[in-house]
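I have placed the structure first, in the form of structure tokens, so that the comments after it can refer back to it.
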Amino acid sequence: MAWGKIAGGGVFDNRSAQLLAKLVEKGVKVYDTFDRSDSASIGTADTGQIWTEDVGDLQISGNLLKTTTVSSGQSICSLESGLSNGRFSLTVNIGADLITRNVGVIFRMTDANNFWVARPSKTSGGAGSVQIVKCVSGVFTTVANISATVNANTEYSVMAVANNDIISLYFNGSLITEITDNFNATATKAGVRFGTTGTPASLYADKFSVEVL
């Protein structure tokens, strides 16, 4: 399912409330457009869940989720989604073609050292790929790495579909790979991860959602 901005350019009016109610009826557990006033804190998702900044410093800027400071090359925020099996999706922009960077949707997370992330990634001046990565006790392992065109300053949609021990990876709406792995299979936190070796100013995330299967 593709997600749009809340009606009214960030003003939560009656149309916005009606849209949100329809999404919830269709099985959407978490939905966030990040359409709210600029703030040094992320605040609350459109569906009411409270965001936690786990690593680094994140903010709302221009109706987008951005990071101002990374710690050991990453920034992470999360919330309680209530789902371990589900569709976890995000719109991302990896920013300027000057640094190694990635932006991804986190799922099946217990804490900032144990989670899955689905993401497009690009090395400085190099090729792009779409990845499924797991973090176990702070150690990252790339479980799937699929070559893809990932351009600078371009929006892409990425979605992980987790169903028991099968994880499917979608990029711009197309299924590109599936893996089998039961790590953290009952964890229900979800979120966003920014990764970069440089200044993160041009990276951003948008349209975050978690949906039942």
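The values are calculated or read from the model by the stated rules, or taken from the named source; none is laboratory data. All values reported here derive from a predicted model rather than from experimental measurement. Positions of Cβ are backbone-derived with ideal geometry, glycine not excepted, and every protein chain shown enters the neighbour counts. To get the accessible areas, we keep the full protein, side chains included, count just its heavy atoms, and leave off ligands, DNA and RNA. Shrake-Rupley method; radii C 1.70, N 1.55, O 1.52, S 1.80 Å.
Just so you know, in the stretch 27-51 the residues that are in contact (Cβ under 8 Å) with a residue 60 or more places away in the chain and in a strand (DSSP E or B) include one that is most open to solvent (accessible area, probe 1.4 Å), and it is LYS29.
Does GLY198 meet the test of being out of contact with any helix residue (DSSP H, G or I) (no Cβ under 6 Å at 6 or more places or on another chain) and assigned to a loop (DSSP other than H, G, I, E, B)? Taking the combined requirement at face value, the residue satisfies it.
Condition check ((1) polar (S, T, N, Q); (2) more than 13 Å from GLY191 (Cβ to Cβ); (3) in contact with a His (Cβ under 8 Å, 6 or more places away or on another chain)) across all residues:
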residue: ILE50; (1), (2), (3): no, no, no
residue: ASP54; (1), (2), (3): no, no, no
residue: LEU64; (1), (2), (3): no, yes, no
residue: SER78; (1), (2), (3): yes, no, no
residue: GLY95; (1), (2), (3): no, yes, no
residue: ALA112; (1), (2), (3): no, no, no
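The condition (being under 13 Å from the mean Cα position of the chain (by Cα) and not hydrophobic (A, V, I, L, M, F, W, C)) is satisfied by just one residue among SER61, SER147, SER81: SER81.
Report yes if some residue within the stretch 83-94 is free of Cβ contacts under 8 Å to residues at least 24 places away in the same chain and open to solvent by 50 Å² or more (accessible area, probe 1.4 Å); otherwise report no. The answer is no, given that none of the residues of the stretch 83-94 is free of Cβ contacts under 8 Å to residues at least 24 places away in the same chain and open to solvent by 50 Å² or more (accessible area, probe 1.4 Å). Evaluating ASN163 against the criteria (1) in contact with a Lys or Arg (Cβ under 7 Å, 6 or more places away or on another chain); (2) open to solvent by 60 Å² or more (accessible area, probe 1.4 Å) leaves one unmet condition, (1). When SER78, SER71 are checked against the criterion of being among the hydroxyl-bearing types (Ser, Thr, Tyr) and open to solvent by less than 10 Å² (accessible area, probe 1.4 Å), SER78 stands alone in meeting it.
Of all residues in the stretch 75-100, exactly one satisfies the criterion of being in contact with a Gly (Cβ under 6 Å, 6 or more places away or on another chain) and at pLDDT below 95, namely ILE99.
Checking the stated criteria, ALA201 turns out not to satisfy the condition of being under 14 Å from the mean Cα position of the chain (by Cα) and within 18 Å of SER75 (Cα to Cα). Tallying residues that are in a loop (DSSP other than H, G, I, E, B) and more than 17 Å from LEU90 (Cβ to Cβ) within the stretch 154-187 yields 9.
Yes/no matrix, rows are residues, columns are (1) open to solvent by 10 Å² or more (accessible area, probe 1.4 Å); (2) assigned to a strand (DSSP E or B); (3) without any contact (Cβ under 8 Å) to a residue 60 or more places away in the chain; (4) closer than 29 Å to LYS29 by Cα:
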{"site": "LEU98", "(1), (2), (3), (4)": "yes, no, no, no"}
{"site": "VAL105", "(1), (2), (3), (4)": "no, yes, no, yes"}
{"site": "VAL117", "(1), (2), (3), (4)": "no, yes, no, yes"}
{"site": "GLY126", "(1), (2), (3), (4)": "yes, no, yes, no"}
{"site": "SER129", "(1), (2), (3), (4)": "yes, yes, yes, yes"}
{"site": "LYS134", "(1), (2), (3), (4)": "yes, yes, yes, yes"}
{"site": "PHE140", "(1), (2), (3), (4)": "yes, yes, yes, yes"}
{"site": "ASN145", "(1), (2), (3), (4)": "yes, yes, yes, yes"}
{"site": "ALA152", "(1), (2), (3), (4)": "yes, no, yes, no"}
